[in-house]
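What follows draws every value from the coordinates through simple rules; no lab data is involved. Just so we're clear, the structure is a prediction, and the values are computed from it rather than from any experiment. Quick reminder, even Gly has a Cβ in these numbers, built from the backbone with ideal geometry, and neighbours come from all protein chains shown.
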Amino acid sequence: MENLLLWIISAVIAIGVPAAMLTIGKKIMAEMPKIGTWYGYNSKLSLKNEETWKFANDTMAKLWINIGEAMTPAAAIAMLFSFGKDKSTIWSYFYLLILVELVALIYSKISVKNSLKKEFGE
């Protein structure tokens, strides 16, 4: 029972992160948030004006949609392989997925930052 609860919580988190990226990316593409809202790509350069804000958030949304579409089913499949296994195996799958998702988040931040600098300068 304890392993099942661990697996459920791990699966929800591991699948939830890329699913949230996909959902937020689609929301931003459907309706651009206003400058400085609590969600969206907020940085000094992106907040400079409407043009930089739209560019940064379009770029981020497209990246997050692509990442979310690839990683949500991949995370679900990976977590299925850990179903019914011991705690150590469940934790291993979970940690690996979270690490990959963290790398994807950092990559998206760096990629948007570099795109902004390339398009608009410092």
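Taking the condition of being assigned to a helix (DSSP H, G or I) and closer than 15 Å to Lys117 by Cβ, how many residues in region 43-52 meet it?
2
Give the residue, chosen from Leu102, Leu22, Leu63, that is surrounded by fewer than 13 Cβ atoms within 10 Å (Cβ to Cβ) and within 14 Å of the chain's Cα centre (by Cα).
Exactly one residue qualifies, and that residue is Leu102.
Would you be able to tell me the number of residues in region 38-85 that are touching a Leu at 6+ places or on another chain (Cβ under 8 Å), of a type in the set (Phe, Trp, Tyr) and in contact (Cβ under 8 Å) with a residue 60 or more places away in the chain?
Number satisfying all stated conditions: 1.
Which of (1) within 13 Å of the chain's Cα centre (by Cα); (2) part of a loop (DSSP other than H, G, I, E, B) is the odd one out, the single condition Ile15 does not satisfy?
Only one criterion in (1) within 13 Å of the chain's Cα centre (by Cα); (2) part of a loop (DSSP other than H, G, I, E, B) is unmet by Ile15, namely (2).
Restricting attention to region 28-42, does a residue exist that is over 24 Å from Asn114 (Cα atoms), hydrophobic (A, V, I, L, M, F, W, C) and surrounded by 15 or more Cβ atoms within 10 Å (Cβ to Cβ)?
No, region 28-42 contains no residue that is over 24 Å from Asn114 (Cα atoms), hydrophobic (A, V, I, L, M, F, W, C) and surrounded by 15 or more Cβ atoms within 10 Å (Cβ to Cβ).
Would you call Thr89 among the hydroxyl-bearing types (Ser, Thr, Tyr), surrounded by 13 or more Cβ atoms within 10 Å (Cβ to Cβ) and in contact (Cβ under 8 Å) with a residue 24 or more places away in the chain?
No: the conditions fail for Thr89.
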